[in-house]
Each structure stands twice: as C-alpha cells, then as structure tokens.
Ligand code: ADP
Ligand code: MG
C-alpha cells in the first residue's frame with residue numbers, strides 16, 4: 001500500500017515588542033526568574049489588562065505580507081485550563097474571530113515553487129515556564145520552579161492548512177515563514193530562546209483517499225532539523241501501527257531529540273474542552289483603514305516584491321531570486337554587489353553569492369553580515385571574470401585568497417601577484433593550438449571521424465600547455481576553426 005503523509009503546522013512567533021501584550025512588564029529574554037512578572041501578568045484581583053497596540057501593528061504587518069484578510073473587529077477569548085505555569089488559569093487568546101484570516105506562504109522545495117494556504121493567525125499571550133531541570137529548592141531539595149517572566153509575552157500563532165505532503169516540504173514552509181517574520185521585523189526568530197516554535201500535526205492516509213487520517217500533534221521541536229526528523233519518525237510510526245492492524249489515536253506527542261522518537265504526552269483536547277468565551281476584560285480589537293494605511297506606509301520592501309524586481313530588472317531566474325531573498329541581509333549584499341557593478345553581470349553576481357560565498361559562510365558557520373569579503377571586493381572579482389581577465393577557475397583561487405587573510409588586497413592585486421591573468425595574446429594561444437594539433441594526429445583523426453571526446457582531449461591539452469591560463473572558449477573556437 002502506498003501512503004501519503006499530511007502535515008499542518010501551528011507556529012508561534014514571539015512578537016518583538018518591548019513590553020508584554022497586556023502589561024508594561026519587559027519582554028527581554030534571560031532576566032532573573034520572576035523579575036518581569038507583574039500583577040497584571042498574573043491576573044491578580046483588582047487588575048485590568050490594557051492591550052499593547054504594538055502587537056497589533058506586527059500582526060497587521062504580517063497580514064499585509066501574506067495577503068491575508070484583517071478582521072476589523074477581532075475578539076480576545078479566554079482559553080481555560082489549569083497548569084502551574086499559567087497562574088490566571090486561562091490564556092488570553094483569540095478563538096472564532098482571529099485578527100488575521102487566510103493568506104498564503106510561497107516557498108521553494110529544491111527548485112520547485114510551492115504555496116501553502118494559511119487558515120488564520122491570532123494574537124495571544126505566552127504562558128510562564130516550569131523549570132524541571134537543574135533546579136534546586138531553598139533547602140537543596142530537587143523541585144520544580146516556576147518562572148513567570150514569559151507570561152504575557154505577545155505571540156502570533158500562525159496556523160497552516162493541512163497542505164504539506166512531506167517532512168521536507170514542511171521544513172521548507174517553516175523556513176520561509178521564519179525568514180518572512182524576521183524580514184518583517186516582527187519576530188527575532190531565535191529558536192533556541194523559543195521565539196519561533198513549530199508544532200507539527202501529522203497524519204497518514206492511503207494514497208488516493210480524500211478523507212484525512214487521524215492526526216497527532218508533535219510538540220517540543222526547537223530546530224528545523226528536528227522538525228524534519230520528528231515528522232518522518234511520526235509518519236513511519238503511524239504507518240507501521242496501521243499496517244499492524246492498529247488505529248492512530250488523536251493525541252499530543254512530545255519529540256525527544258536524544259532518542260529521535262515521539263512519545264505520547266496527553267490525549268488531545270477538543271476546542272470545547274477549553275470552555276472558550278470572549279474575554280470580558282477586553283473590548284474587541286478594532287483595526288480600521290487608517291491603522292492599516294499607517295502600517296503599510298512603513299513596511300519594508302517585501303521578499304516577493306524584491307524577487308519580482310530581481311527577475312524583471314536584473315533578469316534573474318525564479319530560483320536565484322528566491323535564494324537571494326531568504327534574508328534581508330543577503331538581499332542587501334547582492335544589491336550592493338550589483339550596484340558596484342553598475343547593474344551589470346547580475347547573474348554572475350547571483351551565482352557567486354549563492355554558491356561560492358554561501359559555501360564558505362556555511363563552512364565557517366558565519367552569517368552574511370560577517371562575510372570576510374565585502375560586496376565591493378566581490379564586484380571587482382566579478383568584473384575581472386566578465387572582462388575575461390581571469391577564468392572561473394582562477395577566480396575561485398582569487399576568491400579563496402581574499403577570504404583567507406588577503407582581504408586587504410583587491411582582486412587586481414591578487415591576480416597580479418599570483419600571475420593568474422589569462423593569456424590574452426591570440427598569437428601565443430594560436431601557437432599552442434598548432435603545436436597540439438601537430439603532436440596528436442591520431443586524436444585529430446578521431447575528431448574528424450565524429451568523436452566529440454577527442455575534441456575535449458585536444459582542448460584539455462592546450463589548456464595544460466597554457467597552464468590553465470588560456471580562455472577555454474577562445475581555445476575551443478580556435479581549435480574548431482583550424483580543424484573544421
Ligand atoms: P488545534 O490543534 O488547536 O485543535 P486545529 O484543529 O484547527 O487546531 O488544527 C491545527 C492544525 O492541524 C492545523 O495546522 C491543521 O492544518 C492541522 N490539521 C488538522 N487536521 C489534520 C490532519 N488530519 N492531518 C494533519 N494535519 C491536520
Ligand atoms: Mg493545536
């Protein structure tokens with residue numbers, strides 16, 4: 001039997017506001033436990049929450065970026081449950097009238113473009129944290145501590161439709177969403193600190209069946225790598241279970257990265273178990289055209305707009321344009337490089353950034369803002385490839401030299417110092433071509449008999465004679481002219 005995996009993601013993006021969603025407490029990460037939890041965050045009697053408009057600004061930004069509908073009057077609701085890290089005994093969230101409805105995320109899996117529809121995105125507050133590990137009580141006993149600093153931190157929960165069909169696709173979606181919220185400046189995207197968290201809903205069904213299978217929700221996933229592994233593990237588990245005659249029960253499962261497995265945490269609550277009701281402490285959140293226009297006015301150029309411009313103005317393909325807009329920093333690096341080239345050779349610049357530069361950055365685990373080669377330097381190198389001073393192969397050597405400590409020097413100096421200049425003297429190349437033809441009558445014969453390999457061997461020999469410094473295209477042209 002062939003199986004199909006179905007995935008929908010619920011992503012919590014912590015909105016980067018200075019203060020909490022309903023109080024003036026700071027949202028800064030890493031403070032001493034409980035130093036940033038106010039009476040309002042704990043809903044002590046006599047307190048009233050006041051909504052922080054900066055959280056709505058960010059939700060509007062998101063809605064505009066994904067082409068969603070902004071609900072004019074969205075409603076805060078209480079989601080009731082007990083847990084030690086939730087002193088209010090309810091989480092203030094949104095239920096049937098979320099602030100953002102619909103929208104689309106576009107992304108690439110390899111070189112294929114995909115679109116996933118969003119169901120909704122709603123504003124809510126985060127809960128506190130239980131500290132189970134490395135926590136000792138006042139008398140040295142092992143205990144669990146509660147840190148309420150995070151309680152009341154604004155979140156945007158972004159819910160996708162169950163439209164993804166593989167772990168790789170889910171990861172590509174999550175990466176695209178991550179880069180979008182960081183690009184928009186609404187979330188710092190720090191996954192270690194929990195600023196961007198994904199829960200994956202996974203089910204399986206026989207290929208061809210339209211009805212969805214029973215899903216499990218996977219929690220505790222704090223990296224893209226674990227997201228991929230958790231989904232693959234879970235899909236395999238469900239398939240084996242069904243093939244052995246069992247049934248999947250809808251439940252919440254925890255991903256254990258050390259064991260690379262998921263295990264049952266609790267059976268899944270239904271929405272009505274939470275006794276949602278609209279929060280009497282909050283008026284509906286009204287977002288009118290003026291507010292939307294104001295947010296629109298200071299939106300940065302969106303990745304999709306930049307992509308379109310890279311394609312239409314600079315002639316890049318969709319894949320390159322996408323690679324160059326995964327972050328604002330990469331886009332800026334590319335734009336500065338192309339500007340230094342007077343808007344010529346954009347394709348060449350794109351190639352160098354996407355392949356060579358990315359490779360060293362990955363190898364040394366650096367961000368593009370930490371690149372040891374600056375756009376102006378790269379532009380000079382590209383100009384020398386474009387005007388045929390150096391071959392691509394030589395350019396790699398210059399690039400490596402710039403990167404490894406010679407970054408004071410510019411491309412021209414390195415080319416000069418290392419004698420990497422291509423032989424531009426046509427006469428010198430012609431002499432080498434003649435020599436190779438004369439020395440290899442058998443291979444010349446094979447070429448004339450129609451064997452392409454023979455021709456490549458002749459080009460190779462001329463290049464060897466030129467110690468790699470001839471322009472391969474020029475050699476090819478000259479050989480062809482002489483032989484045909
Ligand atoms: P909740 O998990 O809070 O109960 P929903 O029922 O709206 O919320 O679903 C949450 C997520 O689960 C969504 O991302 C949705 O796409 C996904 N989902 C729903 N049904 C399935 C299914 N059968 N298989 C995989 N994902 C699903
Ligand atoms: Mg859920």
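Observations
- Criterion violated by residue 174 - all others in (1) within 16 Å of ligand 2 (Cβ to nearest atom); (2) over 21 Å from residue 113 (Cα atoms); (3) surrounded by 16 or more Cβ atoms within 10 Å (Cβ to Cβ) satisfied: (2)
- Note on segment 291-398: no enclosed helices (runs of 4 or more DSSP H) hold 3 or more residues that are on the phi > 0 side of the Ramachandran plot.
- Test: residue in segment 192-210 that is without any contact (Cβ under 8 Å) to a residue 40 or more places away in the chain, within 16 Å of ligand 2 (Cβ to nearest atom) and touching a helix residue (DSSP H, G or I) at 6+ places or on another chain (Cβ under 8 Å): no
- Within segment 127-171, if we keep just the residues that are crowded, with 23+ Cβ neighbours inside 10 Å and within 16 Å of ligand 2 (Cβ to nearest atom), the residue that is nearest to residue 83 (Cα to Cα) turns out to be 155.
- Every residue from segment 460-479 that is free of Cβ contacts under 8 Å to residues at least 24 places away in the same chain and surrounded by fewer than 19 Cβ atoms within 10 Å (Cβ to Cβ): 460, 464, 467, 473, 476, 477
- Residues of segment 227-278 satisfying the condition of being surrounded by 14 or more Cβ atoms within 10 Å (Cβ to Cβ), within 16 Å of ligand 2 (Cβ to nearest atom) and either without any contact (Cβ under 8 Å) to a residue 12 or more places away in the chain or over 18 Å from residue 203 (Cβ atoms) (or both): 274, 276
- Yes/no for residue 244 being away from ligand 1 (no atom under 16 Å from the Cβ), more than 18 Å from residue 12 (Cβ to Cβ) and modelled with pLDDT of 95 or more: yes
- Some residue of segment 30-37 being within 16 Å of ligand 1 (Cβ to nearest atom) and in contact with a strand residue (DSSP E or B) (Cβ under 6 Å, 6 or more places away or on another chain): no
- Filtered residue count, segment 310-342, keeping only those that are over 21 Å from residue 183 (Cβ atoms) and touching a helix residue (DSSP H, G or I) at 6+ places or on another chain (Cβ under 7 Å): 3
- Scanning segment 1-29 for residues that are more than 16 Å from ligand 1 (Cβ to nearest atom), surrounded by 17 or more Cβ atoms within 10 Å (Cβ to Cβ) and closer than 26 Å to residue 222 by Cα gives 14, 15, 16, 17, 19, 20, 21, 25, 27.
- Single residue of 16, 23 found to be more than 30 Å from residue 204 (Cα to Cα), within 30 Å of the chain's Cα centre (by Cα), modelled with pLDDT of 95 or more and assigned to a loop (DSSP other than H, G, I, E, B): 16
- Candidates 40, 7, filtered to the one that is in contact with a helix residue (DSSP H, G or I) (Cβ under 6 Å, 6 or more places away or on another chain) and not in a helix (DSSP H, G or I): 7
- The set of residues in segment 250-276 that are part of a loop (DSSP other than H, G, I, E, B) and either over 27 Å from residue 96 (Cβ atoms) or touching a helix residue (DSSP H, G or I) at 6+ places or on another chain (Cβ under 7 Å) (or both) comprises 257, 258, 259, 260.
- Restricting the first member to segment 4-16 and to residues that are more than 13 Å from residue 228 (Cα to Cα), and the second to residues that are part of a strand (DSSP E or B) and more than 11 Å from ligand 1 (Cβ to nearest atom), the beta-carbon pairs closer than 6 Å and six or more apart or on different chains are 12/155; 12/197; 13/156; 13/196; 14/155; 15/154; 15/156.
- Residues in segment 194-226 that are within 17 Å of the chain's Cα centre (by Cα) and either closer than 30 Å to residue 21 by Cα or buried (at least 19 other Cβ atoms within 10 Å of the Cβ) (or both): 194, 195, 196, 197, 198, 199, 200, 221, 222, 223, 224, 226.
Listed here are the residues, each with its yes/no results for (1) modelled with pLDDT of 85 or more; (2) in a helix (DSSP H, G or I); (3) touching a strand residue (DSSP E or B) at 6+ places or on another chain (Cβ under 6 Å); (4) crowded, with 16+ Cβ neighbours inside 10 Å.
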position	(1), (2), (3), (4)
407	no, no, no, no
422	no, no, no, yes
435	yes, yes, no, no
445	yes, yes, no, no
456	yes, yes, no, no
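The values are calculated or read from the model by the stated rules, or taken from the named source; none is laboratory data. Remember, predicted model here, so these are calculated numbers, not experimental data. Ideal geometry is used to build each Cβ from the backbone, glycine not excepted, and the neighbour counts take in all protein chains shown.
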